[in-house]
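The values are calculated or read from the model by the stated rules, or taken from the named source; none is laboratory data. None of these values were measured; they are calculated from a predicted model. Neighbour counts are summed over all protein chains in view; Cβ atoms, including those assigned to glycine, are modelled from backbone coordinates with ideal geometry.
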Amino acid sequence: MYRISFSFIQPGIKPVMLENVEPGQTLLEVALKNDIELHHNCGGVCSCTTCHLFIEKGMEFIDDMSKREKDFVKTVFGHKANSRLGCQSLLLDGEGDVEITVPDQTLLPDEFYGFDF
Ligand code: FES
């Protein structure tokens, strides 16, 4: 089981802490099940980048990136080494803490997310 925190770049959205999150589901699925807004324009099939998020902690608990995901992530303006697509980020068997930052969902995927690089 995991403990997962979601923080948001978009002003006015309070962080969310989830306890006892089961492995075997993607971070997009976790978000949607818990009423956390995470866009998913392609329906979660790795064909857009609207589910982009940053894994601040716990990357070791998430399945490795496929080449396809890497190729899509590279197209996101402002992507970083800890960027992932929520629909492709599968929680592996295990337990621990995962910390996620959700970019500002009001901006288009290829726009600047407001980070200092
Ligand atoms: S929902 Fe489109 S790539 Fe994740």
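A few comments on the model shown:
- Strands (runs of 3 or more DSSP E) completely within the range 1-61 that count 2 or more residues being within 16 Å of the ligand (Cβ to nearest atom) and touching a strand residue (DSSP E or B) at 6+ places or on another chain (Cβ under 7 Å): 52-57
- Test result for D93, in a loop (DSSP other than H, G, I, E, B), surrounded by fewer than 18 Cβ atoms within 10 Å (Cβ to Cβ) and without any contact (Cβ under 8 Å) to a residue 60 or more places away in the chain: no
- Flag if V30 is touching a residue at least 24 places away in the same chain (Cβ under 8 Å), crowded, with 18+ Cβ neighbours inside 10 Å and not basic (K, R): yes
- H40 meets all of the listed conditions (1) within 19 Å of I9 (Cβ to Cβ); (2) in contact with a helix residue (DSSP H, G or I) (Cβ under 7 Å, 6 or more places away or on another chain); (3) touching a residue at least 60 places away in the same chain (Cβ under 8 Å) but one, namely (3).
- Within the range 68-88, the presence of a residue that is in a loop (DSSP other than H, G, I, E, B) and in contact (Cβ under 8 Å) with a residue 60 or more places away in the chain is excluded.
- Set D64, D116, D104, D110: member being modelled with pLDDT under 95, under 14 Å from the mean Cα position of the chain (by Cα) and either exposed (fewer than 13 other Cβ atoms within 10 Å of the Cβ) or away from the ligand (no atom under 14 Å from the Cβ) (or both): D104
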